[in-house]
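This report refers to the structure that appears directly beneath it.
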Amino acid sequence: MRLLVSVVDAQEVEEAVLGGAEIIDIKNPREGSLGAQPPRKIAEIVSVIPLGVESSAAIGDVPNLPGMAALAAAGAAQCGVNYVKVGLLHVPNATNARELLTEVRAAVKACNASARLIACAYADTTPASRLLELPVVAGAAGVDGCMLDTARKDGTSLRSCIGTEQLQEFIAACRQASLLSALAGSLQGADFEWVRKLAPDVVGVRGAACTGDRVMGRISKDRLAKIRETLFGSPSRFDLRPHTLSRS
């Protein structure tokens, strides 16, 4: 597993990395679960991420407009991120999702051939049967991975929205299709021990790592280190010395 930590600005990167983040995820929680930052801010954050730590950028919970979504994805990919995440909250069915993801993938690869596209669906707004279709749809569209999250961010965690057996099936389906699997969604406290046993490829957090709520709060390396220790048995990937965060 790898730990993905969502940040809102360049100042949060150091706390996230010192706390054990392996992927710095760039988003704007004021605009929703996968709220997007403008390209200038994505580029600014990417510029301070140290070597050995990957980056991702959310492009929003997009409408069912493949052309618009593809343009957003192109903007994010051009900023040099390793992953582009697209939220499918407003995409009504599997056929539409495949069409949209196909266009978004083409835009990402045209702008950044090494970037990978992650399709995100929401366990608190989508029936489990449709969530379990996501790996098949993503694989058909040439997507690189799938994430399950929560959309409402009202304190309801992923764990309370979908059963353990269904998540095991989701992760297994991703692996069968050679897709990266990621779990997020208001995870707190004992949820991390539960996620550790599920062993997805990536675990995503923000709210649990913040002092305050996910929108107004700030990432805390101490909170994050405790999460990492629960997930991996080690509090951080780095010493707390400044030179360990150098990009050179």
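Here are the numbers for this structure:
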| quantity | calculated |
| --- | --- |
| Cβ pairs under 7 Å, 6+ apart, first in the range 154-175 and in contact (Cβ under 8 Å) with a residue 12 or more places away in the chain, second assigned to a loop (DSSP other than H, G, I, E, B) and among the acidic types (D, E) | T156/D124; C161/D124 |
| Count - residues of the range 153-200 that are among the aliphatic types (A, V, I, L, M) and not in a loop (DSSP other than H, G, I, E, B) | 10 |
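Quick grid of which residues meet (1) buried (at least 17 other Cβ atoms within 10 Å of the Cβ); (2) of a type outside the set (S, T, N, Q); (3) part of a loop (DSSP other than H, G, I, E, B):
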| residue | (1), (2), (3) |
| --- | --- |
| S33 | yes, no, yes |
| I59 | yes, yes, no |
| P63 | no, yes, yes |
| G67 | no, yes, no |
| A74 | yes, yes, no |
| T95 | no, no, no |
| R105 | yes, yes, no |
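Every residue, every condition in (1) within 17 Å of the chain's Cα centre (by Cα); (2) under 16 Å from L34 (Cβ atoms), yes or no:
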| position | (1), (2) |
| --- | --- |
| L65 | no, yes |
| N82 | yes, no |
| L89 | yes, yes |
| L101 | yes, yes |
| A107 | no, no |
| R116 | yes, yes |
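Bear in mind these aren't lab numbers, they're just calculated from the coordinates by the rules spelled out. None of the values given here were measured: they were computed from a predicted structure. Glycine also receives a Cβ, built like all others from the backbone with ideal geometry; neighbour counts cover every protein chain displayed.
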